[in-house]
1. Quick one: in the stretch 289-341, of everything that is out of contact with any strand residue (DSSP E or B) (no Cβ under 9 Å at 6 or more places or on another chain) and among the aromatic types (F, W, Y), which residue is nearest to the ligand (Cβ to nearest atom)?
2. Being at pLDDT below 95, touching a helix residue (DSSP H, G or I) at 6+ places or on another chain (Cβ under 8 Å) and of a type in the set (D, E, K, R) is the filter here; which residues of the stretch 120-136 pass it?
3. From the list L238, L231, exactly one residue is assigned by TED's automatic domain parsing to the domain that holds L330, part of a strand (DSSP E or B) and crowded, with 18+ Cβ neighbours inside 10 Å. Which is it?
4. Q201 is checked against (1) under 30 Å from L360 (Cβ atoms); (2) surrounded by 17 or more Cβ atoms within 10 Å (Cβ to Cβ) and fails just one. What number does that condition carry?
5. Assuming V281 fulfils every condition listed in (1) within 16 Å of the ligand (Cβ to nearest atom); (2) β-branched (V, I, T); (3) part of a helix (DSSP H, G or I) apart from one, which condition is it?
6. For the stretch 140-209, please list each of the strands (runs of 3 or more DSSP E) lying entirely inside it that holds at least 2 residues being under 19 Å from G125 (Cβ atoms) and either more than 16 Å from the ligand (Cβ to nearest atom) or touching a residue at least 60 places away in the same chain (Cβ under 8 Å) (or both).
7. Hey, among the residues in the stretch 326-352 that are part of a helix (DSSP H, G or I) and over 17 Å from the mean Cα position of the chain (by Cα), which one's surrounded by the most Cβ atoms within 10 Å (Cβ to Cβ)?
8. Of the residues L84, L106, which is part of a helix (DSSP H, G or I) and either touching a residue at least 40 places away in the same chain (Cβ under 8 Å) or surrounded by fewer than 17 Cβ atoms within 10 Å (Cβ to Cβ) (or both)?
Amino acid sequence: MIPQKTILENLRTYDMEKIAIATLCSHSALQIFHGAKLEGFRTIGICTPDRREFYESYPRARPDVFIEVKKYSDVLSGKVQQELMEENAVVVPHGSFVEYVGAANLEDEFQVPMFGNRRSLQWEGSRKKVREWMQKAGCNVPKEFKKPQDIDTICIVKFSGAKGGKGFFLTTDERDYRKKMEEKIKQKIVSQEDAEHATIQEFINGVRYYYHYFYSPLEKDAEGKRGRVELLSMDKRLESNVEEIYRILAAGTLQELNLNPTYVVTGNAPQTIRESLLPEVYRIGKRVEEASQKLFGGMTGPYCVESVVTPDLRIFAFEISARIVAGTNLFPEGSFLSPYLFGEPMSTGRRIARELKNGLKQNALEKLVY
Ligand code: AMP
């Protein structure tokens, strides 16, 4: 893990008048660039040649500078890192950035200042740690089973990393678990190692909500204390093929058709939630932030809690992302909540840039990057 001291030393070599916001051209990059431009920052897109045309096609979100790489992991090369630092770049990590480059590589090899606390990547990348974190935050969490022999209810079997739901399956007992797991390994959908480390979790039946929060160490909360949690928006992920599997049921049951639901993320849909549940959703965001302070020095900027709301209106949290999530792409002009915080359109991408701008004004950039 590169110490924060080293990153801040690199930051001190920057020309503060010319700070640029950089990210990989994927995931939520359009939103990040768009928000950065609105706040007056120069923008840098790290891009593979096949994607460049697309990112050039949106003038209001097109990065001012392109750094072309053959593959995204090349961002770790000395040349690209040097170029980014010469451009005074603060990098905004997003889900694809972490997935393509690898959290451990970012922590150990990436010298360029990043927005937020890079220590959080270790935590969000481990299901065990996320569970500890959610429990410390007092969230309701689904039951987990250590061994397949213990399964006594409908369970979802999940694999590690942000693989977008790949290979996940539902099961009801040990025999079914072993049969399905063997098939997944045989079809090379999951590796033997993934299988050994699979999480067997109670399937929570209800409606899924993914809440988008932002933590600002610079703003004050409602009680006047430093540090503010903002609930900016929420979405629901669209996952294939579970989302529309009912459409095939006219041809027979899932068993008859030998079909299993799959959970690969293909997109996102906007959501609102009953106003009476919003105070609890807000408290969850606050407690998750407070727990992160105790566990690893806190998060700065965007994060997301994934949940299911059950018919008795309980909220079960099953995952945390400690960075911008793609569901925020739905709200480039703000959401149904952001107007109550800001008198202008405010996306999560713009909120990041606004925080950096405030950090620069207050000479407090060092609180925002690692
Ligand atoms: P995850 O990798 O934990 O984000 O899970 C991927 C997807 O699987 C989620 O977006 C949900 O649709 C589904 N999922 C995960 N855990 C649960 C759970 N405990 N109960 C119901 N659905 C779940």
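The values are calculated or read from the model by the stated rules, or taken from the named source; none is laboratory data. These numbers were taken from a predicted model, which means no experiment stands behind them. Don't worry about glycine lacking a Cβ; one is built from the backbone with ideal geometry, like all the others, and counts go over all protein chains shown.
1. Going through the qualifying residues, I end up with F296.
2. Matches in the stretch 120-136: E124 only.
3. L231
4. Failing condition for Q201: (1).
5. Going through (1) within 16 Å of the ligand (Cβ to nearest atom); (2) β-branched (V, I, T); (3) part of a helix (DSSP H, G or I) one by one, V281 breaks only (1).
6. 199-202
7. Among them, the one singled out is S338.
8. Being part of a helix (DSSP H, G or I) and either touching a residue at least 40 places away in the same chain (Cβ under 8 Å) or surrounded by fewer than 17 Cβ atoms within 10 Å (Cβ to Cβ) (or both) holds for just one of L84, L106, which is L84.
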